[in-house]
C-alpha cells in the first residue's frame, strides 16, 4: 500500500467533522471539487470507501468510522512531532499559554524586557486543553486553574481564589451576600463533555455532594462562553472563581462559603529545564499574586 499522505488524511478528518464537503472546503480554504478529488484519492489508497455522499449530507461508512479515530491520532502525533522539533531547534522561543480570565501580559512583557534576544509569545488555551497543549508542545508553559491530570507535568501553585456561585441576575439567590452549599443543593449545574478531565469537572461541580449524591445535571457545555449563556438563560448555575470578570450585566457572582478555594498554577512539562521556562516560572511566582495581592 502507498504511504499515507497526511494532507489527504487531514482533508478526510475535516469532512468527517463537518459532515459536509461544502463546509469542510470553507474551513480548509480549498475548492470543493478539489477536496472531493483528494478524499477519493485517499479512499483509493486505502482500498475502502470512507464516506457516503448523499443530497442530505456526508456520512461515515463503517470503514470511515473505523479509520477516523486513528486518523485523528495520526494527525495529533504528526503535529506533536513537528512542535517538538521546533522546540529543540529554537531554544530561544517560548510560548506561554493561558486560560480564560487569567492575565499573563505583565509577565510576558517583563520576559521580553529581560530576554530581548528571545521570542516570547502568548497564546489562549481553552479551559480543558492546558495538559494536551503542553504535551503536544503547542505551548511551553501554561497559567491555568486546577485541578488537572498532572502526569508528565510540573505544577507550581501561584495563588488561591475564593469560589462563587454564578447565576442570572433575576435568580432567587442573586441578592444574597453569600451562600453555602445547602442553599444550592438542588440547583442544576452545567456538564462538561465526556472527554473532560473528571478531576476538573468534579471540583467545579462540587460532585458528588457531601452526602454522596451526584450534583444535579444541567446542559452540556463546551466553552466558557457556553457556560455563561446557559447560566444567563436560567438553565443552570455554575461554580466559578469569585474574582473572574463575567463581562455580562445579566450575570451575578455570589461568594460560596464552606468549600475549599480554587488554585491558579503555572504548569510546565516535567523535566523541561530550559532557561526561558525557569525564568517564566520565577517571574510568574513573583508577579502573579491574585486579585488581592495575597
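The values are calculated or read from the model by the stated rules, or taken from the named source; none is laboratory data. All values derive from a computational prediction rather than experimental measurement. Cβ atoms come from the backbone with ideal geometry, glycine included; neighbour counts cover every protein chain shown.
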Worksheet entry | Failed item in (1) more than 21 Å from the chain's Cα centre (by Cα); (2) modelled with pLDDT under 95; (3) within 15 Å of residue 143 (Cβ to Cβ), with residue 250 passing the rest | (3)
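So, in segment 1-17, of the ones that are under 29 Å from the mean Cα position of the chain (by Cα) and without any contact (Cβ under 8 Å) to a residue 24 or more places away in the chain, which residue ends up surrounded by the most Cβ atoms within 10 Å (Cβ to Cβ)?
First, the residues of segment 1-17 that are under 29 Å from the mean Cα position of the chain (by Cα): 5-17.
Restricting the remaining residues to those that are without any contact (Cβ under 8 Å) to a residue 24 or more places away in the chain gives 14, 17.
On the way: 14: 19, 17: 13.
Per the stated criteria, the residue is 14.
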Practice prompt. Identify all residues within segment 191-240 that are surrounded by 13 or more Cβ atoms within 10 Å (Cβ to Cβ), more than 16 Å from the chain's Cα centre (by Cα) and part of a loop (DSSP other than H, G, I, E, B); write none if there are none.
Written response: 206, 207, 209, 215, 216, 235, 236, 237
Worksheet item: What is the one condition in (1) in a strand (DSSP E or B); (2) buried (at least 19 other Cβ atoms within 10 Å of the Cβ) that residue 160 does not satisfy?
Response: (2)
Practice prompt. Say whether the condition of being part of a helix (DSSP H, G or I), in contact (Cβ under 8 Å) with a residue 24 or more places away in the chain and within 30 Å of residue 246 (Cβ to Cβ) is met by at least one residue in segment 85-92.
Written response: no
Worksheet item: Considering segment 271-289 alone, what residues qualify as being crowded, with 16+ Cβ neighbours inside 10 Å and part of a helix (DSSP H, G or I)?
Response: 276, 277, 279, 280, 281, 283, 284
Discussion item. Kindly evaluate residue 166 against the criterion of being surrounded by 15 or more Cβ atoms within 10 Å (Cβ to Cβ) and in contact with a strand residue (DSSP E or B) (Cβ under 6 Å, 6 or more places away or on another chain).
Written reply: yes
Worksheet entry | Residue in segment 95-115 that is nearest to residue 225 (Cα to Cα), counting only those that are crowded, with 17+ Cβ neighbours inside 10 Å and under 19 Å from the mean Cα position of the chain (by Cα) | 100
Worksheet item: Looking at 196, 215, which is the one that is in contact with a helix residue (DSSP H, G or I) (Cβ under 7 Å, 6 or more places away or on another chain), farther than 12 Å from residue 253 by Cα and modelled with pLDDT under 95?
Response: 215
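For the condition within 24 Å of the chain's Cα centre (by Cα) and part of a helix (DSSP H, G or I), what is the one hit in 73, 63? Spell out the reasoning first.
Numbers: 63 fails: within 24 Å of the chain's Cα centre (by Cα).
When all the criteria are applied, what remains is 73.
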Discussion item. For residue 47, only one of the following conditions fails: (1) on the phi > 0 side of the Ramachandran plot; (2) in contact with a helix residue (DSSP H, G or I) (Cβ under 7 Å, 6 or more places away or on another chain). What is its number?
Written reply: (2)
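Please enumerate the residues belonging to segment 171-190 that are touching a strand residue (DSSP E or B) at 6+ places or on another chain (Cβ under 9 Å) and assigned to a loop (DSSP other than H, G, I, E, B). Before you say what the answer is, go through the steps one by one.
Going through segment 171-190, the residues touching a strand residue (DSSP E or B) at 6+ places or on another chain (Cβ under 9 Å) turn out to be 171, 173-181, 183-184, 187-190.
Of everything in segment 171-190, those that are touching a strand residue (DSSP E or B) at 6+ places or on another chain (Cβ under 9 Å) and assigned to a loop (DSSP other than H, G, I, E, B) turn out to be 171, 173, 174, 175, 176, 177, 178, 180, 187, 188.
From the list 107, 155, 143, which one is touching a residue at least 60 places away in the same chain (Cβ under 8 Å) and assigned to a helix (DSSP H, G or I)? Give the steps one after another, and end with the answer.
On the way: 155 fails: assigned to a helix (DSSP H, G or I); 143 fails: assigned to a helix (DSSP H, G or I).
Result: 107 is the single residue among 107, 155, 143 that is touching a residue at least 60 places away in the same chain (Cβ under 8 Å) and assigned to a helix (DSSP H, G or I).
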Worksheet item: Can we say residue 84 is farther than 30 Å from residue 286 by Cα and either at pLDDT below 85 or surrounded by 14 or more Cβ atoms within 10 Å (Cβ to Cβ) (or both)?
Response: no
